[in-house]
Amino acid sequence: MADSAGGEAKILTRGIKRTKTDDDGPTEDGKETENPLLGFKTSSVLSGSAREKNIFIHGKLADEEAVVIMEKTPIREDTLAELFRGSTLKLEMRNDIYSTYRLQAPLHLNEIKTTVVCPATEKHVKKYQRQESFLVEETGEDYESITLPYIKQQSFSLQWVYNILEKKAEADRIVYEDPDPKLGFVLLPDFKWDQKQVEDLYLIAIAHCRDIKSIRDLKSDHLPLLKNIFQKGKEAIMLRYNLPASKLRVYLHYQPSYYHLHVHFTKLGFEAPGCSVERAHLLSDVIQNLQSDSQYYKTRTLYFPLRAEDGLLSKFRELGRL
Ligand code: GTA
């Protein structure tokens, strides 16, 4: 894999992690930890889906506001034999050729992916709450006069992003890094992905440069950075997960939740939250648009959904833009 100018690129090659079994020693990300949810007190269920098998809960952890997200993980083909062999079955009903059971899987195949945000701000609580969405039309001028002042005041903290770039957190999860300060980036699993199967592969590439908030800031000067992320991100995913570029959806969000340039790499066919047309901008389109017009994202009207309780939506409403 080629290095970018001035930077030594690093790649770590490993396969998809298999499930930790009782015989395995401790792993970096599978280590036992004290249960922070012991004292969790539920205030309300923010949202959830029986089909997606997840639940978003607002509550308190030792007097601090918290959001807990729980999600049942996919059933993996490579664990089927173990699941059939190691589970107990309870018959629910039998009718002709049909029968249904309750299967109790071995503990390590029966995990619930759990994400804790604590202390959570009111903005976090609203982010995970089920709300009606409205499509907003934002001209280049609207961005300067409405959106930019709002995001300067109201955005989520970027501390987690800086922790990754400075190797203060998640350093052991990095899949690839190009450390060049202008063209470089860190590629690592998104925290929504449990890395157990490629079917729902989800990585993010976080740029080392800190002055690009979103696609609105992109100009043709940034093409070398974007092309570097695109090319090396795809190569690193091929090397680590054996997934070719033709199986990837590579895109940026507008609006993002976190205003520091990052690119989403997900498996084509996996419906990641936020991959719909009103929010996701394919990196290949972004590159082509900037090649045709350096000011494309500064001047174009962009469309995106905002949720009913989003403060930015109120700003557009107050100015009669909705
Ligand atoms: N590796 O600490 C982190 C981290 N944080 C705080 C966020 N991300 C992180 N990744 C690592 N470590 O894909 C990831 C996010 C997201 C990306 C930021 O960074 O998972 P974005 O700026 O475009 O923001 O991307 P986005 O897409 O709005 O954020 P997010 O969190 O994906 O929310 C979109 C919707 O996805 C939510 O409203 C919710 O419906 C759903 N969602 C969020 N988290 C989960 C979850 N854990 N499980 C299931 N659904 C979720």
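The values are calculated or read from the model by the stated rules, or taken from the named source; none is laboratory data. Predicted, not measured: the structure shown is a model, and the values here were computed from it. When we count neighbours, we look across all protein chains shown, and the Cβ atoms used for this are built from the backbone with ideal geometry, even at glycine. Keep in mind that these areas ignore ligands, DNA and RNA; they rest on the heavy atoms of the full protein, side chains included. Shrake-Rupley method; radii C 1.70, N 1.55, O 1.52, S 1.80 Å.
Here are the numbers for this structure:
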| read-out | value |
| --- | --- |
| Candidates 79, 114, 100: whichever shows maximal mean-square fluctuation once the chain is modelled as a Gaussian network with Cα springs under 10 Å | 100 |
| Area accessible to solvent at residue 38, 1.4 Å probe radius, in Å² | 140 Å² |
| Among the listed pairs 127/234; 127/168; 53/267; 53/123; 213/315, those beyond 28 Å (Cα-Cα) | 127/234 |
| Where the chain is the region considered: accessible area per residue in Å², 1.4 Å probe | 56 Å² |
| Whole-percent pair-distance distribution, where bins are 10 Å wide, for the alpha carbons of the chain | 5, 21, 31, 26, 12, 4, 1 |
| Computed label-point distance, nm, for sites residue 278 and residue 190 using a 7 Å Cα→Cβ extension | 1.8 nm |
| Extension reserve of the residue 217-residue 162 stretch, reckoned as 0.36 nm per residue once the Cα distance is removed | 17.9 nm |
| Within the accessible area of the range 82-234 (1.4 Å probe), percent carbon and sulfur | 52 percent |
| Degrees, to the nearest 10: 223-241 long Cα axis against longest axis of the chain | 10 degrees |
| Qualifying GluC sites (Glu not before Pro) in the range 241-322, DSSP loop, other Cβ atoms within 10 Å at most 15 | 271, 278, 309 |
| Modelled label reach - residue 300, point 7 Å along Cα→Cβ, the range 128-162 residues with backbone N closer than 16 Å | 136-143 |
| 222 nm mean residue ellipticity, helices alone, for the chain (DSSP H n ≥ 4; -39,500 (n - 2.57); rounded to 500) | -6000 deg cm²/dmol |
| Within straight-line cross-link reach of residue 227, lysines at Cα separation under 16 Å, skipping those fewer than 8 residues along the same chain | 182, 219 |
| Modelled FRET efficiency - R0 30 Å, residue 98 with residue 54, Cβ distances, 0.05 increments | 0.60 |
| Ranked order, 235, 138, 122 - accessible area, probe 1.4 Å, largest first | 122, 235, 138 |
| Calculated FRET value between residue 199 and residue 64, using beta carbons and R₀ = 51 Å, to 0.05 | 0.90 |
| Nitroxide proxy distance, nm - points 7 Å out along Cα→Cβ at residue 32 and residue 268 | 4.4 nm |
| Computed FRET value (nearest 0.05) for residue 148 with residue 82, which takes r as the C-beta separation and R₀ as 41 Å | 0.20 |
| Gaussian network model of the chain, Cα within-10 Å springs - most flexible of 290, 103, 83 | 103 |
